[in-house]
Amino acid sequence: MPPEQGPPTPRSSAYINALTQEIQKKLQRALSSPSQRRNILQELFADIALEVDDRARERILSTEEDVISPAEDDINGPLCFYDVLADYYVRVPESGRPILDLIVQLWSQSFASHIFFLLFHKWLFEVQLDNADVLLRYSSALVQGATNVFWIDIQTNARRFQSLFWYLLEEVAMEPRRLNKIPLQVQRDLYLLLARFIFFYNSVDKLESFLKHCPAFPNAFLVGGPADIFVIELADQLQKLKVEPVLLHYLSQIKVLQGMELRMTTSTRLKTSLYSFTSPGGPMYPTRAVRHAAWDALDFLFPVGRYPRHLISLFFRLLYPWYWPSSCWNFVISCIKAVFYSLMRMLFSRWEEVRAPKRS
């Protein structure tokens with residue numbers, strides 16, 4: 001995660017102010033051009049999400065008017081424009097006010113919540129907002145924008161916005177001082193959002209702590225505790241994933257749920273979700289790699305009933321003759337590979353046995 005920048009210097013402040021003015025101009029263009037509004041906002045979102053190039057990086061990270069900070073070489077990971085702007089609007093809140101006012105006028109437009117999230121995801125948790133309606137509007141827009149932005153990563157199988165997820169997870173969801181600044185309903189929405197993407201952004205090591213910071217849900221007596229709420233969201237998320245590498249990534253990490261105490265209804269929901277990926281054809285149409293990954297996860301998490309499940313699956317496969325050729329072919333290939341690897345292991349073991357007396 002890119003570290004927060006130090007106090008702005010005259011040179012870096014001038015550069016960031018110029019960026020702010022350009023953002024204002026594009027937002028004003030979007031307001032005055034209804035027919036081009038969506039394209040302008042989409043273009044602005046893409047510009048803010050860009051990685052800072054070397055020339056701009058020197059201006060932003062300067063410590064004096066003509067001196068480059070040695071800290072430039074210590075930054076881990078890419079530095080994007082939204083990283084710089086979000087930090088600046090926290091340090092100098094009044095500089096972001098004109099942009100915020102323009103975004104409010106564009107609330108209902110596509111990409112408005114995306115832009116708000118990128119620019120003000122830190123500002124919202126650091127400033128003091130006394131108007132409850134305004135706070136609810138801003139915090140709800142932040143969760144909506146985060147959802148849209150994270151789905152962009154899902155659809156492209158990229159993790160360009162991973163630092164934003166880590167901030168919401170570690171600096172907000174697990175930090176009561178910031179979390180309690182937003183309304184309780186939005187806290188719940190944020191928790192559900194993070195639950196859906198925690199596997200994708202490789203944060204399973206934070207799962208135990210994340211569950212401990214679960215906010216109170218009004219229907220907890222019906223759905224269960226934090227673990228049940230998390231697994232329900234995860235099971236629903238699996239059904240929405242259409243990108244094969246992402247789905248395989250989820251299925252590979254889902255084994256961390258082993259040993260988690262869940263209600264029977266929650267376990268059944270997860271089991272049903274996994275089972276839906278084990279058969280070819282509709283409605284999921286999973287690939288062979290997904291089917292095998294789903295079987296592995298299902299057998300690992302629910303070992304009881306493993307063999308009956310496979311027998312039932314085999315019976316239903318026999319009802320669809322058009323799948324027989326591919327199944328037989330894959331079975332033959334798997335047998336050949338198994339025999340080949342067994343022979344290779346045997347040859348290597350014999351080779352080691354022959355060489356051992358010579359070395360001694």
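The values are calculated or read from the model by the stated rules, or taken from the named source; none is laboratory data. Just so it is clear, the structure is predicted and the values come from calculations on it, not from any experiment. Counting neighbours? That spans all protein chains shown, and the Cβs are built from the backbone with ideal geometry, glycine included.
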* **Cβ-Cβ under 6 Å pairs, at least 6 apart or on other chains, segment 158-176 side exposed (fewer than 15 other Cβ atoms within 10 Å of the Cβ), far side part of a helix (DSSP H, G or I)** => Arg159/Asp153
* Asked: With respect to the numbered conditions (1) in a helix (DSSP H, G or I); (2) more than 17 Å from the chain's Cα centre (by Cα); (3) acidic (Asp, Glu), which one is the sole condition not fulfilled by Glu261?
  -> (1)
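Here is a list: Arg57, Arg38. Which entry is modelled with pLDDT under 90, more than 18 Å from Leu119 (Cβ to Cβ) and among the basic types (Lys, Arg)? Walk me through it before giving the result.
Values: Arg38 fails: modelled with pLDDT under 90.
Being modelled with pLDDT under 90, more than 18 Å from Leu119 (Cβ to Cβ) and among the basic types (Lys, Arg) holds for just one of Arg57, Arg38, which is Arg57.
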* Which of (1) part of a helix (DSSP H, G or I); (2) under 20 Å from Tyr275 (Cα atoms); (3) touching a helix residue (DSSP H, G or I) at 6+ places or on another chain (Cβ under 7 Å) is the odd one out, the single condition His249 does not satisfy? -> (3)
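Listed here are the residues, each with its yes/no results for (1) at pLDDT 95 or above; (2) touching a Ser or Thr at 6+ places or on another chain (Cβ under 7 Å); (3) surrounded by 12 or more Cβ atoms within 10 Å (Cβ to Cβ).
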{"position": "Ser33", "(1), (2), (3)": "no, no, no"}
{"position": "Ile48", "(1), (2), (3)": "yes, no, yes"}
{"position": "Leu61", "(1), (2), (3)": "no, yes, yes"}
{"position": "Asn76", "(1), (2), (3)": "no, no, no"}
